[in-house]
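A.B. asks: Encoded as structure tokens, here's the structure I'll be asking about.
Throughout, read-outs are computed from the coordinates displayed, never taken from laboratory work. Here the structure is a predicted model, which means the values were calculated and not measured. Please note: Cβ atoms are built from the backbone with ideal geometry, for glycine as well, and neighbour counts cover all protein chains shown.
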Amino acid sequence: MSRRRRATSLQASSLLAFVLTCHAALAQPAAAVAASPALPGEAPLAESLSGTAKADYAAAKILYEDGDNAGALLKLKSAYDTSREPRLLWNMAACEKNLRHYAEVARLVSRYLAEGGGLLTAQDRTEASELVSTVRGFVSELAISVDQPGATILLDERPIGQSPLPAAVQVDMGQHRIRVRKAGFVDFTSTAELVGGQPFSLAATLTPEKHEGQLRVLAGPSDVIQIDQRTSQVGLWEGTLPTGTHSVFVTGNGKRAHQTDVIVQDNQLTNLHVSLETEVKPLIEKSSVPTWLWVAGGVVVVGGGLGAYLLLKPDSQTKYQSPTPGTWGTIDI
């Protein structure tokens with residue numbers, strides 16, 4: 001290991017040993033975050049930082065030594081965002097290693113190689129490259145194609161980009177859930193079991209959303225069912241309708257008609273059972289004769305509040321006498 005490597009706060013040997021021995025090394029304690037002697041003219045990592053970056057780095061060291069890799073990673077990220085010190089990427093990779101995030105280890109070490117510049121010797125680069133090559137045995141390249149552009153792709157409910165993705169995504173081996181979503185389409189979901197070191201491809205087809213549901217109306221065997229004053233069936237009506245409110249009208253011979261509204265929801269079945277009541281007819285039907293005048297046989301009865309007269313149908317063989325005066329006066333026949 002070169003002295004320049006020792007200037008990084010985490011030792012490469014401990015990280016590389018973990019990868020080479022796989023899960024057996026998980027039981028071993030990780031290297032502590034600590035300052036190391038630097039090459040002539042090069043400040044150790046702790047001394048190269050200042051302000052909030054230095055404070056975050058100091059906090060990360062305490063958390064890392066205490067076994068809180070997630071907390072240390074947050075502090076190291078904050079220190080890197082402030083200082084852009086590439087050696088912090090190596091420290092972050094060590095935290096990700098302990099969290100078993102192999103894809104992140106490969107990504108961070110690759111960035112360390114790209115951003116290290118003159119801080120890295122040839123030996124540093126060789127060791128880091130070997131580490132990236134080895135850790136990729138625990139990583140799969142996931143290629144996702146979508147038939148619609150501009151769809152959001154989520155891996156384990158974390159967005160990783162929009163379709164089309166520019167390249168395959170480095171993903172830890174194991175089981176993962178892929179979801180693709182876009183407005184106006186039904187979400188596509190799939191579960192993939194990824195084997196480390198092997199590529200995996202997935203094609204997602206998005207189906208346009210249909211705002212419709214099923215309606216089923218059951219009535220009497222001879223009753224007529226009408227939907228939205230358009231379609232009719234006898235006894236049973238069932239079919240697909242747009243989402244929303246629809247009118248149901250049911251009629252039957254000798255029965256009282258029934259009308260109601262039903263709400264049809266997306267991709268759901270709505271059931272409605274209608275039982276019509278028998279229509280009861282009155283004993284005496286009303287006629288078109290005014291209520292003040294009605295005829296019983298050949299007799300016309302005039303109703304009034306003060307009295308009434310019987311008007312006899314004229315007969316050519318009958319000789320009429322003058323009517324008896326009543327309360328309304330004389331009526332000439």
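A.B. asks: 7 Å from Cα along Cα→Cβ at both E209 and Q233: what's the point-to-point distance in nm?
C.D. replies: Using points 7 Å along Cα→Cβ, the separation is 2.8 nm.
A.B. asks: Can you tell me how segment 138-208 classifies by the Cα gyration tensor, rounded, prolate or oblate, using a/c under 1.5 as the rounded cut?
C.D. replies: prolate
A.B. asks: Name the long-range amide H neighbours of T270: under 5 Å, sequence gap of 5 or more, or other chain; modelled H, no Pro or chain starts.
C.D. replies: Q214, L215, R216
A.B. asks: What net charge do the residues around W237 carry, taking every other residue with its C-beta under 12 Å from that of W237, with Lys and Arg at +1 and Asp and Glu at -1?
C.D. replies: Local net charge: -1.
A.B. asks: Shape verdict for segment 63-134, please, from the Cα gyration tensor: rounded (a/c under 1.5), prolate (a/b greater than b/c) or oblate.
C.D. replies: Because a/c hits 1.5 or more and a/b fails to exceed b/c, segment 63-134 counts as oblate.
A.B. asks: If you don't mind, another one. Distance between Cα centroids, segment 166-196 to segment 98-132: provide it in whole Å.
C.D. replies: The two parts, judged by their Cα centres, are 26 Å apart.
A.B. asks: Is segment 212-273 rounded, prolate or oblate when judged by the Cα gyration tensor, a ≥ b ≥ c being the square roots of its eigenvalues, rounded requiring a/c under 1.5 and prolate requiring a/b larger than b/c?
C.D. replies: Working: a/c = 2.33, a/b = 1.96, b/c = 1.19.
Because a/c hits 1.5 or more and a/b exceeds b/c, segment 212-273 counts as prolate.
A.B. asks: Could I ask something else about it? What are the ³J(HN,Hα) couplings of segment 105-117, residue after residue, when phi is run through the Karplus curve with 6.51, -1.76, 1.60 and θ = phi - 60°? Round to Hz, x for glycine and proline.
C.D. replies: Here the 3J(HN,Hα) series is 4, 4, 5, 5, 5, 4, 5, 4, 5, 6, 9, x, x Hz.
A.B. asks: Still on this structure, I have one more. Quick check: net charge around H176, other residues with Cβ under 9 Å of its Cβ, Lys/Arg +1 and Asp/Glu -1?
C.D. replies: Net charge in that neighbourhood comes out at -2.
A.B. asks: At 7 Å along Cα-to-Cβ for each site, give me the label-to-label distance between Q123 and I160 in nm.
C.D. replies: 3.7 nm
A.B. asks: What do you get for Rg/Rh over segment 46-99 if you use C-alpha atoms and the Kirkwood form of Rh?
C.D. replies: Rg divided by Rh gives 0.93.
A.B. asks: Say the cut-off is 24 Å between C-alpha atoms; which of K75/K182; K77/K97; K77/K182 go over it?
C.D. replies: The pairs that break the limit, which is 24 Å between Cα atoms, are K75/K182; K77/K182.
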